[in-house]
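A.B. asks: Before we start, here is the structure in question, set down as structure tokens.
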Amino acid sequence: SLNTVNNGSLKHDDYLHGLANGKLVAKQMIGDALRQRVESIDSEFCEPGDEDTFFVADLGEVYRQHLRWKLNLPRVKPFYAVKCHPDERLLQLLAALGTGFDCASKAEIEQVLRMGVDPSRIIYAQPCKTNSYLRYVAQQGVRQMTFDNADELRKIARLYPDAELFLRILTDDSSSLCRFSMKFGASLDSTDGLLGLARQLGLNVVGVSFHVGSGASDPTAFLKAVQDAHVVFQQAAAYGYNLKTLDVGGGFCSDDTFEQMANVLRAALDEYFPAHTGVNLIAEPGRYYASSAFTLACNIIARRTIQDGSAVSVSDSSSMSDDGSVNNGDARYMVYVNDGLYGNFSSIMFDHQHPVAKILRAGGRTMYNSVAAHESSAEDAIEYSIWGPTCDGIDRITESIRFREILDVGDWLYFEDMGAYTKCSATTFNGFSNEHDVIYVCSEPGAMALLGL
Ligand code: PLP
């Protein structure tokens, strides 16, 4: 197993070996947790809510992601972006791993402080802060925070003159899924003036921060942002500021693009902020840690049969077999599940995601991670669209997907990579709960040891 997380001696080959092993164990554990739960529920007889959607979270995956981070960006200390998924156990594990935390509101800061995390491990990374929150963080001794405009500097001078300030600069975020630069970030035309004003107000500027946009895909955005940050470090020096920290923000994905991003970023940091300068490097990854750790299971609560483009009425039994299921190869189905765009699939709307359904249980068989669970490209496979439970027509998860299996009411689907920007932005629209069970598993003994399990 991968249990060398904090002594820094992990070799790349050991990591890859441990990774493959850990992934296998994870599949087994997640599968067992999903299976146990859904096999215990009979939608014909269960109590309201028993068949509710639920998550399985593998904390071992978070641990593996942390090792991967340390291998690829060893000089950069991650401050997890709490907004992405403020799951208590996830935060506890990250705290035990020694990360810092990026918080954007009083509630997030309170949650992290409640865990006993030292205020010096928090950055209040919100360039436009609420007055009362600023007074709160001043009381709590959370000193690090970002700014990007003159009004905010004057506010900070009034409410928290001792704060340690990071000047957030504008980036080219055009390759990212969620763009922030129309809202946040000082252009390089304005940074000199802002540093001058900070000096005049007697404020303590300690670093520069940026964010290349969440779900970024162009590594050169990191290179350009690091170059710009280097310019601002020099501008600051002209005002007598000896900046000590660069915050490279988020934008990292958990898929294979991470290594490409990290390679470009690492090289840029080594060129512009080499180790001998003594500049601390931090980052604010959210999606990178949370996304792949959470799998979501949803129950099929209703089905509508479509024949030749129109819904089949109940009285039209010509296409139905004895048990009521349609066996005509031309039929398509709309299936309705008990989670949707107003719930954990809010990521479709806000985070521009395309979650992919897989079959967890159909026709009395549980089929997690089997070939039959997956989408089929075969022409004769059955076409489905997948819809959420609310009355809004926008509430559609998948327009078209084909499976070889017949899906019906009471069957289950699952969706992987559902940890980032999902639960945190789920609403209770139509009276559907956004409080869903999370079943925790841990595929890495090293993580269990850290959590004292
Ligand atoms: N930092 C800031 C200031 C953010 O606004 C966000 C996302 O909104 C993040 C970090 C996390 O970004 P990501 O999930 O891309 O890592």
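A.B. asks: So if I check each of Glu108, Glu88, which one is assigned by TED's automatic domain parsing to the domain that holds Phe147, touching a Pro at 6+ places or on another chain (Cβ under 7 Å), charged (D, E, K, R) and under 24 Å from Gly251 (Cα atoms)? Before the answer, list the steps.
C.D. replies: On the way: Glu88 fails: touching a Pro at 6+ places or on another chain (Cβ under 7 Å).
Selected residue: Glu108, the only one of Glu108, Glu88 that is assigned by TED's automatic domain parsing to the domain that holds Phe147, touching a Pro at 6+ places or on another chain (Cβ under 7 Å), charged (D, E, K, R) and under 24 Å from Gly251 (Cα atoms).
A.B. asks: Consider Ala20 carefully, then state whether it is more than 13 Å from the ligand (Cβ to nearest atom), in a helix (DSSP H, G or I), without any contact (Cβ under 8 Å) to a residue 12 or more places away in the chain and not assigned by TED's automatic domain parsing to the domain that holds Pro285.
C.D. replies: Here the answer is yes, as Ala20 does meet what is asked.
A.B. asks: Please verify whether the range 37-52 includes one or more residues that are of a type in the set (A, V, I, L, M) and either part of a loop (DSSP other than H, G, I, E, B) or surrounded by fewer than 17 Cβ atoms within 10 Å (Cβ to Cβ) (or both).
C.D. replies: Here is the first cut: in the range 37-52, the residues of a type in the set (A, V, I, L, M) are 38, 41.
From the residues that got through so far, the ones that are either part of a loop (DSSP other than H, G, I, E, B) or surrounded by fewer than 17 Cβ atoms within 10 Å (Cβ to Cβ) (or both) too are 41.
Yes, the range 37-52 has at least one match.
A.B. asks: Could I ask something else about it? Say whether the condition of being part of a loop (DSSP other than H, G, I, E, B) and out of contact with any Ser or Thr (no Cβ under 7 Å at 6 or more places or on another chain) is met by at least one residue in the range 88-99. Give the steps one after another, and end with the answer.
C.D. replies: Looking only at the range 88-99, we keep the residues that are part of a loop (DSSP other than H, G, I, E, B), and these are 98-99.
Now drop any that are not out of contact with any Ser or Thr (no Cβ under 7 Å at 6 or more places or on another chain), which leaves 98-99.
Yes, some residue in the range 88-99 is part of a loop (DSSP other than H, G, I, E, B) and out of contact with any Ser or Thr (no Cβ under 7 Å at 6 or more places or on another chain).
A.B. asks: So how many residues does the range 105-146 have that are away from the ligand (no atom under 13 Å from the Cβ), part of a helix (DSSP H, G or I) and in contact (Cβ under 8 Å) with a residue 12 or more places away in the chain?
C.D. replies: Selection size over the range 105-146: 17.
A.B. asks: Regarding Asp58, is this residue without any contact (Cβ under 8 Å) to a residue 24 or more places away in the chain and closer than 27 Å to Tyr414 by Cβ? Break it down into steps so the answer makes sense when it comes.
C.D. replies: On the way: without any contact (Cβ under 8 Å) to a residue 24 or more places away in the chain: no; closer than 27 Å to Tyr414 by Cβ: yes.
No.
A.B. asks: Name the residue, out of Ile359, Ile406, that is closer than 20 Å to Glu51 by Cβ and either at pLDDT below 95 or not in a loop (DSSP other than H, G, I, E, B) (or both). Working first, answer last.
C.D. replies: Values: Ile406 fails: either at pLDDT below 95 or not in a loop (DSSP other than H, G, I, E, B) (or both).
From the options Ile359, Ile406, the qualifying one is Ile359.
A.B. asks: For the range 230-241, indicate whether the set of residues that are in contact (Cβ under 8 Å) with a residue 40 or more places away in the chain, within 13 Å of the ligand (Cβ to nearest atom) and hydrophobic (A, V, I, L, M, F, W, C) is non-empty.
C.D. replies: no
A.B. asks: Only residues that are of a type outside the set (A, V, I, L, M) and either within 14 Å of Phe54 (Cα to Cα) or surrounded by fewer than 16 Cβ atoms within 10 Å (Cβ to Cβ) (or both): list them for the range 425-453, please. Show your work before the answer.
C.D. replies: Of the residues in the range 425-453, the ones of a type outside the set (A, V, I, L, M) are 425, 427-437, 440, 442-446, 452.
Passing the criteria: Thr427, Thr428, Asn430, Gly431, Phe432, Ser433, Asn434, Glu435, His436, Asp437, Tyr440, Gly452.
The values are calculated or read from the model by the stated rules, or taken from the named source; none is laboratory data. Being a predicted model, the structure only gives us computed values, none of them experimental. Cβ atoms come from the backbone with ideal geometry, glycine included; neighbour counts cover every protein chain shown.
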